[in-house]
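All remarks here apply to the structure that follows.
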Amino acid sequence: MIYANDPSRSSWITVPEGSDFPIQNIPFGVFIPADDIITIGTRIGNTAIDLSALHQLGYFEDLELPLDVFLQDNLNDFISLGKPHWRAVRDRIAELFDVNTKDLSSHPEHRERVLFPVEEVQMLLPVFIQDYTDFYSSREHATNVGTMFRDPNNALLPNWLHIPVGYHGRSSSIIVSGEPIRRPKGQTMPPNADKPVFGPTKRLDFELEMGFITSDGKPLGESISIEESKDYIFGMVVFNDWSARDIQKWEYVPLGPFLAKNFASSMSPWVVTMDALQPFAVEGPKQEPEVLPYLNQSGAQNYDISLEVLIAEENGEDSTIANSNYKHMYWSMAQQLAHHTINGCNINSGDLMASGTISGPTPDSYGSMLELSWNGTKPLSLKSGAQRTFIEDGDTVTMKAYSEKNGVRIGFGEVRTKVLPAQD
Ligand code: CA
């Protein structure tokens with residue numbers, strides 16, 4: 001067992017019942033404490049922990065870390081150190097905050113420099129994302145979309161069961177939870193019209209996704225195999241890949257998504273490590289027909305992560321509109337990464353690879369309004385009685401994720417985004 005994952009460990013920091021952040025989680029993020037400078041940190045319960053301060057105070061002394069590795073505005077350099085360092089740092093944090101360790105807990109001046117209430121820090125985007133790739137790896141999602149727009153009897157395109165289909169997205173517009181977005185404008189072709197019109201999208205949608213963050217890969221021209229992939233995946237976030245369905249429908253032929261997708265994607269601020277998620281690994285769906293040898297995997301390559309989507313109207317309360325699970329994914333992260341690099345494509349520290357919309361098998365587990373409202377034909381009701389087919393101005397969309405087993409809950413917190421009206 002990974003030392004930091006010990007389910008019997010408790011912390012001298014208070015962890016509220018049902019918290020996503022027990023001492024077994026130890027995610028990594030970037031924040032600004034009130035009136036202070038940007039630092040890399042972690043979180044236990046509702047306490048943010050300044051890792052650069054801990055490092056300056058000598059608590060990581062024997063781990064041979066660069067002096068400024070946590071005094072950064074992103075995790076990229078830390079991720080570049082490689083998996084043995086990620087594990088060593090996380091294990092040291094588990095030890096320091098263990099209820100039986102007194103080094104820091106009995107040192108009030110040190111505690112004051114290191115610990116902050118989470119509500120007093122501002123979370124920032126945790127990584128500098130040079131490249132963002134979006135996959136299309138949920139069979140249920142691809143089947144629903146194919147059924148709606150093509151042919152229910154041939155919903156999956158011929159390549160889908162052989163290739164983890166993906167495309168290169170845009171990284172400049174990826175934002176952190178809490179930042180609002182503006183309704184995008186663009187060209188659409190109204191039904192039965194003979195020429196396109198311009199204006200705000202009428203079909204603004206979310207996509208419930210999870211993303212994984214990579215370390216530096218191999219030199220250009222070399223591939224990462226399924227077996228090697230675990231050494232190159234740092235951790236995961238919850239990811240809302242905003243989409244404008246009417247713009248998408250008109251523009252996507254023949255080269256795929258463009259302005260319908262690149263106006264914004266929102267991510268949760270804490271990166272939960274693959275080490276923390278290891279107890280929740282499960283086998284994925286059986287793959288039939290058999291995949292090509294470079295995509296052949298065995299064992300538990302999926303993860304059991306519960307997902308929830310909520311919508312709140314302006315000044316209203318959250319209504320849950322979907323519950324799904326990451327374990328439904330047909331293609332695993334290992335297969336996605338192996339496929340991405342099989343042609344020799346290189347990857348960098350901080351690259352983001354998103355799953356594609358994660359839809360489950362039942363209508364209440366679909367991961368987009370497109371599917372939940374079945375192309376706008378079945379409105380959803382919110383708690384207030386208001387109805388939604390797509391996302392309205394003033395709405396706030398929230399996504400949450402967590403894994404739970406043997407009394408340990410490892411969560412991601414949330415990604416929460418408000419939609420503002422289109423710019424005049
Ligand atoms: Ca997507």
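The values are calculated or read from the model by the stated rules, or taken from the named source; none is laboratory data. Just so we're clear, the structure is a prediction, and the values are computed from it rather than from any experiment. Here Cβ is always computed from backbone atoms with ideal geometry, including for glycine, and neighbour counts include all displayed protein chains. These accessible areas exclude ligands, DNA and RNA; they are computed on the full protein's heavy atoms, side chains included. Shrake-Rupley method; radii C 1.70, N 1.55, O 1.52, S 1.80 Å.
Once the Cα gyration tensor of segment 140-217 is found, what semi-axes does its equivalent ellipsoid get, as square roots of 5 times the eigenvalues, in whole Å, sorted largest first?
Numbers: eigenvalues 138, 124, 28 Å².
So the three semi-axes of segment 140-217 are 26, 25, 12 Å.
Does segment 1-133 come out rounded, prolate or oblate, given a ≥ b ≥ c as the square roots of the eigenvalues of its C-alpha gyration tensor, rounded meaning a/c under 1.5 and, failing that, prolate meaning a/b above b/c? It would help to have the intermediate numbers written out before the result.
Details: a/c = 1.32, a/b = 1.22, b/c = 1.08.
Rounded shape, in that the Cα axes give a/c under 1.5.
Sorted by average packing, counted as other Cβ atoms within 10 angstrom per residue and highest first, what order do 352-359, 387-394 take? All intermediate terms of the calculation are to be shown ahead of the outcome.
On the way: 352-359: 26.6, 387-394: 17.1.
Taking the mean over residues of other Cβ atoms within 10 Å, the ranking is 352-359, 387-394.
Take the Cα atoms of segment 269-424, build their convex hull, and give its volume per residue in Å³.
That works out to 180 Å³ per residue.
Just order 239-248, 26-35, 285-294 by mean Cβ neighbour count inside 10 Å, highest at the front, would you? Write down the numbers at each step before the final one.
On the way: 239-248: 24.6, 26-35: 20.7, 285-294: 10.5.
Most protected by this proxy first, the peptides run 239-248, 26-35, 285-294.
What fraction, in whole percent, of alpha-carbon pairs in segment 18-86 exceed 13 Å separation?
65 percent
Once Lys and Arg get +1 and Asp and Glu get -1 on their Cβ, which of Met274, Met148, His110 lies farthest toward the positive end of the dipole of the chain?
Going by the charge dipole, the pick is Met148.
Identify all lysines with a Cα-Cα distance to Lys383 below 25 Å; exclude those on the same chain that are fewer than 8 residues away in sequence.
Reachable lysines: Lys202, Lys400, Lys418.
Could I get the Rg over Rh figure for the chain? Both from C-alpha atoms, Rh via Kirkwood, rounded to two places.
Numbers: Rg = 21.7 Å, Rh = 22.3 Å.
A ratio of 0.97.
On the first, second and third principal axes, largest extent first, how far apart are the outermost C-alpha atoms of segment 262-319 in Å?
Projected onto the principal axes, the Cα atoms of segment 262-319 cover 52, 27, 23 Å.
Given H placed on each backbone N at 1.01 Å, which residues far from Val30 in sequence or on other chains put an amide H within less than 5 Å of it?
Residues meeting the criterion, in which the H sits 1.01 Å from N, are Gly41, Leu124.
Below 14 angstrom from the Cβ of Asp98, what's the summed charge of the other residues (Lys, Arg +1; Asp, Glu -1)? Please list the in-between numbers first.
Working: positive: Arg9, Arg90, Arg92, Lys102; negative: Asp6, Asp91, Glu95, Asp103.
Net of charged neighbours comes to 0.
On the protein heavy atoms, probe 1.4 angstrom, tell me the percent of accessible surface of the chain carried by carbon and sulfur. Show your work: numbers first, answer last.
Details: 9190 of 18620 Å².
Here it works out to 49 percent.
Where Lys and Arg each count +1 and Asp and Glu each count -1, what net charge lies around Pro7 among other residues with Cβ under 11 Å from its Cβ?
Details: positive: Arg9, Lys405, Arg409; negative: Asp6.
Net local charge, Pro7 excluded: +2.
Give or take rounding to whole Å, what are the principal axis extents of the alpha carbon atoms in segment 344-424, in descending order?
Principal extents (Cα only, largest first): 44, 43, 23 Å.
For segment 1-45, report the accessible area per residue in Å² (1.4 Å probe, heavy atoms, rounded to an integer).
Values: 1800 Å² over 45 residues.
Accessible area per residue: 40 Å².
How big is segment 82-190 along each principal axis, measuring the range of its Cα positions in Å and listing the largest first?
66, 35, 24
Per DSSP H run of at least 4 residues, take -39500 (n - 2.57); add these up for the chain, divide by its residues and hand me the 222 nm value, nearest 500 deg cm²/dmol.
Details: 9 runs with 67 residues, N = 424.
Helices in the chain give a 222 nm mean residue ellipticity of -4000 deg cm²/dmol.
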